[in-house]
Each structure stands twice: as C-alpha cells, then as structure tokens.
1. In the range B:139-174, which residues are within 10 Å of chain A (Cβ to nearest Cβ) and of a type in the set (A, V, I, L, M, F, W, C)?
2. Looking only at residues that are in a helix (DSSP H, G or I) and β-branched (V, I, T) in the range A:139-189, which one is nearest to the chain's Cα centre (by Cα)?
3. Does A:E277 fit the bill of being surrounded by 20 or more Cβ atoms within 10 Å (Cβ to Cβ), of a type outside the set (S, T, N, Q), closer than 28 Å to A:A34 by Cα and at pLDDT 75 or above?
4. If you check B:V115, B:V120, which single one turns out to be crowded, with 24+ Cβ neighbours inside 10 Å, within 20 Å of the chain's Cα centre (by Cα) and without any contact (Cβ under 8 Å) to a residue 12 or more places away in the chain?
5. Somewhere in the range B:125-148, is a residue of a type in the set (D, E) and under 21 Å from B:D16 (Cβ atoms)?
6. Looking for whichever is within 30 Å of B:E158 (Cα to Cα), facing another protein chain (nearest Cβ under 8 Å) and part of a helix (DSSP H, G or I) here; the options are A:L132, A:L122, A:L136, A:L113. Which one fits?
7. Quick check on this structure: which one of B:A181, B:A173, B:A192 is more than 28 Å from A:L107 (Cα to Cα) and at pLDDT 90 or above?
8. With the checklist (1) touching a strand residue (DSSP E or B) at 6+ places or on another chain (Cβ under 6 Å); (2) surrounded by fewer than 20 Cβ atoms within 10 Å (Cβ to Cβ) in hand, flag the one item B:L3 doesn't pass.
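The values are calculated or read from the model by the stated rules, or taken from the named source; none is laboratory data. Keep in mind that what you see is a predicted model, and the values were worked out from it rather than measured. When we count neighbours, we look across all protein chains shown, and the Cβ atoms used for this are built from the backbone with ideal geometry, even at glycine.
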Protein chains: 2
Amino acid sequence: MSLLTRTEQALRAHFDAAAGMGAPPLLQAAMEHAVFSGGARVRPQLCLAVATACGDDAPELSDAAAVALELMHCASLVHDDMPAFDNAPLRRGRPSVHKAYGEPLALLAGDGLIVMAYRVMLRAGQRHPQRLMALLDNLTQGVGLPHGIVAGQAWECETTADLGQYQRAKTGALFVSSTCAGALSSGESAGAWAPLGTFLGEAYQVADDIRDVIGDAASLGKPAGQDALLARPSAAQVLGLDGAIQHFENLIDQASDSIPACASRDMLRALVQHESERLVPKAVCEGARLRRIQRGAVAPVTVR
Amino acid sequence: MSLLTRTEQALRAHFDAAAGMGAPPLLQAAMEHAVFSGGARVRPQLCLAVATACGDDAPELSDAAAVALELMHCASLVHDDMPAFDNAPLRRGRPSVHKAYGEPLALLAGDGLIVMAYRVMLRAGQRHPQRLMALLDNLTQGVGLPHGIVAGQAWECETTADLGQYQRAKTGALFVSSTCAGALSSGESAGAWAPLGTFLGEAYQVADDIRDVIGDAASLGKPAGQDALLARPSAAQVLGLDGAIQHFENLIDQASDSIPACASRDMLRALVQHESERLVPKAVCEGARLRRIQRGAVAPVTVR
C-alpha cells in the first residue's frame with residue numbers, strides 16, 4: 001500500500017471514530033470539507049515514511065500521529081483562509097470552508113479539528129503511554145507557543161518579524177513535528193530526524209512564496225500575488241525570484257543529505273525529490289539557473 | 001489559601017511556563033488579555049474543590065488540570081465574542097480580545113489557548129502517565145466532538161436544535177470535565193462527580209439565559225438581550241422568565257444533593273450556594289416565587 005493510500009484510509013477511519021455520534025451535522029460536515037478535499041498529505045506521508053524507516057512496530061500509533069498532523073494542518077488552513085487573514089474564497093480549487101459553510105462554522109471547524117487531533121492520538125495511544133506522551137508533546141510544540149504554526153501565523157500581525165523565524169514557525173514547525181512523530185511512534189528518539197523536517201519545511205514555505213509570484217490560481221488552488229498584496233514576509237520579496245529558487249534547491253539538497261543512514265534512505269530521498277518536483281517543477285528551476293548563468297551569477301558547470 | 005487564590009497563582013505560573021520564550025509578543029499579549037481579565041474562575045475552582053474532596057495527593061496535577069480547563073473556557077469566550085458569533089465589544093467589562101487586538105490575533109489567541117491547555121497538562125503530568133491520559137481524554141471530551149463546548153456552540157448554527165442538548169454541550173460539558181478532572185487528578189474514578197458538573201453546568205446556562213433577559217450590560221459585563229436578538233435557544237424563551245428561575249433553583253438543589261458523601265461535602269455545598277447567589281441573586285428568585293404564588297402556580301409554604 002502506498003503511503004498516500006495508507007494516509008487516506010487512516011484519515012477516514014480516525015475522523016469517523018473521533019467525531020463520534022451525535023455531533024451537530026453542519027459542524028461535522030464543515031470539518032469533513034476541510035479534511036477531505038484532495039490535499040497532498042505531505043505531513044502524514046512524511047511521518048509514515050520516517051516511521052517505516054524506524055521499524056514502524058506500532059503502526060496504529062504512527063497512523064494516528066500522521067492523522068493528527070494532517071488535522072492540525074487542515075485546521076490552520078481553515079482559519080488562515082478566513083476573512084480575518086487571507087480572505088481566500090478557494091482552497092485546493094474548491095470553496096474554502098467559510099465560503100461553503102459560513103464564518104461561524106469555519107471558526108468552530110478549526111477549533112474542532114485541533115481538539116480532534118488530540119482525540120485521535122489519545123484513542124490510539126493507550127497501549128504505549130510513554131510514546132503517546134512524547135508524541136503529544138511533539139504535536140503541541142509544532143502547533144502552539146512559542147514556535148509552532150499558530151505562532152508562525154501570528155508573526156504576520158507583528159510590525160517586525162524575522163523572515164527565517166516566521167518561516168520556521170509558520171511552516172517548518174509542523175514539518176519537524178511530522179518527521180519526529182514518525183520516529184517517536186516507533187519508539188526511536190526524534191533528534192536525528194528533525195533536520196529533515198526543518199529543511200523540507202523551509203523549502204515548502206519558500207516554494208509557496210515562489211508560487212505566489214509565478215503561479216496562477218489554477219495551479220495553486222488559491223489566488224496568487226497574496227504575499228505582496230498582504231505585505232507578508234516572503235523569500236521571493238527578500239531574495240528576488242531567482243534567488244528564492246536557488247535557495248529552494250539548496251534546501252531540497254540539504255533535506256536529502258540530512259536523511260540518516262537507514263534501509264529506507266532511498267525511499268525517503270525519492271519522496272523528497274517527488275515533493276520538490278511537485279512544489280517547484282524542475283523546468284522552473286532550470287529557467288532560473290539559465291537566467292543566473294546569463295547574469296554570470298553561477299558557473300555553467302554547476303549541476304544539481 | 002482560598003481556591004481562587006490557588007487558581008490565580010497556578011494560572012500565572014503555568015501560562016508563563018507554557019508560553020515559553022520567543023513567541024510573537026502581540027499574540028502572547030492577546031492571550032494574556034483573554035486569560036487575566038477578572039474571570040470568576042468557576043471551572044478551575046470546581047476542579048480544585050473536587051480534588052480536595054478526593055485527597056488531592058498530586059496537587060501539581062490538579063493545578064494543571066484546573067488551569068487547562070480555564071484556558072479552554074477563555075479560548076471559547078475569545079472565539080464566541082468575535083463578529084462571526086456574538087460580535088461582543090465587551091467581555092467582563094473590558095474590550096473583548098478582537099476589539100483590543102484585532103480579529104486575526106483573536107482568532108489565533110483562541111487557537112493558541114486550546115493548544116496551551118494541552119501543553120500545561122503535558123508538562124505537569126509526566127510523573128502520572130495514567131492519570132494524565134485520563135485527564136487529557138476528559139478535557140478533550142469537554143471541548144471537542146461530539147458533545148463538548150465546540151459542538152455546543154455549533155448547535156447555534158443548526159436550523160433545529162434540542163434546547164437540552166444545546167445547553168448540555170455549550171456549557172455543561174466543560175463543567176462535567178471540571179468536576180471529573182478533580183477526581184481524576186487525585187487518582188479517583190470520575191463517575192460519582194459527573195452529576196455535580198451536569199447540574200451546575202445546566203444551572204449556569206439557565207442563569208445566563210435569565211440574566212440575558214433581566215440583566216444590564218454593567219452587571220453582565222456584556223450586552224443584554226443577545227439571545228432574542230440572535231434567535232438563540234434560551235430557557236427564558238422556552239419556559240418564560242419565572243419558569244426559568246424556578247428551573248434554575250431546582251438545578252442548584254440537584255447539584256447540592258448530588259455531591260457524594262465526603263469530608264468536603266459542606267465546603268462543596270457552600271461553593272454551590274455561593275455560585276448560585278452570584279449567578280442569580282436570591283432576591284431575584286424570591287421575586288419570581290412571589291409572582292408564581294400570586295398566579296397560584298405554587299403553594300406559599302414552599303421554602304427552598
């Protein structure tokens with residue numbers, strides 16, 4: 001079974017079980033809309049890939065950890081799309097939750113998904129209390145204060161914010177939680193797997209900045225040009241487009257290089273390369289490289 | 001030390017520790033505004049009172065449980081006050097969080113407080129993993145799907161909602177979590193303490209409905225007449241004002257009667273009576289009783 005298939009099956013099963021019986025139907029529908037809308041499932045797949053590399057001796061726990069990470073991610077998207085932030089009518093090409101269900105239910109759907117993430121973990125982790133506590137702590141660090149994705153989003157509300165700090169929190173934190181969760185759910189320590197999450201998370205955020213400049217709404221599934229419009233910190237603004245693309249390629253290389261020696265190293269590297277291509281197609285990177293060569297910024301022999 | 005003093009000290013200590021170093025300053029300030037604004041601290045005091053009745057042999061755990069309950073309550077107030085729901089400019093007589101810090105930070109402050117509640121528990125519970133897991137499960141049930149306060153708030157978005165179901169979820173769920181948390185943090189089973197939370201929670205919601213009709217903004221700390229304005233389910237609408245007051249008194253009596261036999265029974269009953277007077281002053285209840293007697297609805301010998 002592919003990691004994506006495993007993720008989707010786990011999401012469906014855990015969502016239904018954790019929602020329980022008798023919840024308000026529209027709230028549950030809004031939460032389903034947020035979760036089951038064709039997301040790439042990068043974070044849960046990353047978690048499961050690392051779990052596989054670490055032996056995955058408690059797959060029910062790694063499944064739950066993967067699901068919890070995705071639920072947190074979806075919660076953040078629901079709230080970020082609301083008029084108070086991006087005011088985005090679309091997400092993944094479909095109406096955003098507040099467009100489909102209204103602002104009150106979007107607000108509550110986000111809250112409900114955060115709590116559901118914990119519920120999923122608690123239901124699955126009873127047989128492994130020590131791992132469960134480590135996983136809950138890891139998840140909480142990825143989302144909350146001081147450096148989780150909620151803090152990352154809040155840096156947009158400050159008058160001054162360091163771009164690196166903003167990006168590490170806004171996107172990187174949950175990527176780090178994802179790689180670490182894979183290790184922790186298999187009873188391994190997380191430290192060796194944190195750099196993969198860090199580099200990949202930063203690459204992901206830089207890619208988002210790049211696509212916000214070059215992309216169109218169809219490929220993004222949301223409006224382009226939002227960073228400049230909303231005056232948000234952006235790698236493309238700071239480094240220029242070609243500089244941001246070069247930075248992205250470096251981060252992908254660092255992510256690949258950081259993968260610890262293990263039987264699954266090739267599988268993980270393939271996953272990183274697949275993500276890289278999906279985020280910023282190689283043709284875009286080649287175009288930027290050619291422009292840098294024309295400007296004399298790099299020697300033409302440099303091959304990635 | 002009074003339960004209120006113990007609550008305030010625990011809140012301050014746990015908030016600072018769980019926020020950590022380096023969070024976005026405005027987000028942290030918005031969260032502080034939400035938490036340290038003169039709340040009555042009913043839920044944490046209830047938790048600590050039951051913990052005391054159950055021996056309170058792990059006070060660091062009952063403190064954390066009490067704090068987590070209050071953080072969840074504050075999170076729900078922040079989000080409920082936002083324009084998508086009550087659009088309340090005031091809370092406890094001060095500007096609501098979105099009025100003081102803007103909608104984006106109010107949205108994130110609520111999210112941050114939910115996650116902080118878990119963080120507080122996780123930091124305090126490492127030495128008692130079994131109790132911690134039970135407490136986290138109990139907290140999650142009080143907040144999330146299917147019957148927690150997030151679900152309760154969402155019933156306002158449905159076209160049809162059972163008043164009892166709405167009230168049990170919107171307010172009762174976190175009261176039940178509060179009494180149960182006191183028992184669980186002391187290693188006792190929670191079942192015997194759930195009815196106290198149930199009755200008190202329903203009384204609290206009915207009192208809120210009553211005060212929405214009779215109150216003024218000064219004593220409520222928020223605008224009156226919101227239920228009728230927003231067409232929300234309300235005991236005062238369904239039962240009439242005097243009927244709602246009678247219902248409130250019955251619930252307070254049931255709450256008192258439900259307290260299990262223990263050395264702290266008198267202390268707990270005094271706490272219930274103190275809350276009762278704070279919620280709906282005895283003079284208001286007496287006035288309603290006199291009107292019922294005048295209408296021949298009750299015999300004049302009935303004394304509470």
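1. B:L139, B:V143, B:L145, B:I149, B:V150, B:A151, B:A154, B:W155, B:C157, B:A161, B:A169
2. Taking the candidates together, the pick is A:T171.
3. In short, no.
4. Answer to the check: B:V115.
5. No, the range B:125-148 has no match at all.
6. A:L122
7. B:A192
8. Tallying (1) touching a strand residue (DSSP E or B) at 6+ places or on another chain (Cβ under 6 Å); (2) surrounded by fewer than 20 Cβ atoms within 10 Å (Cβ to Cβ), B:L3 fails exactly one: (1).
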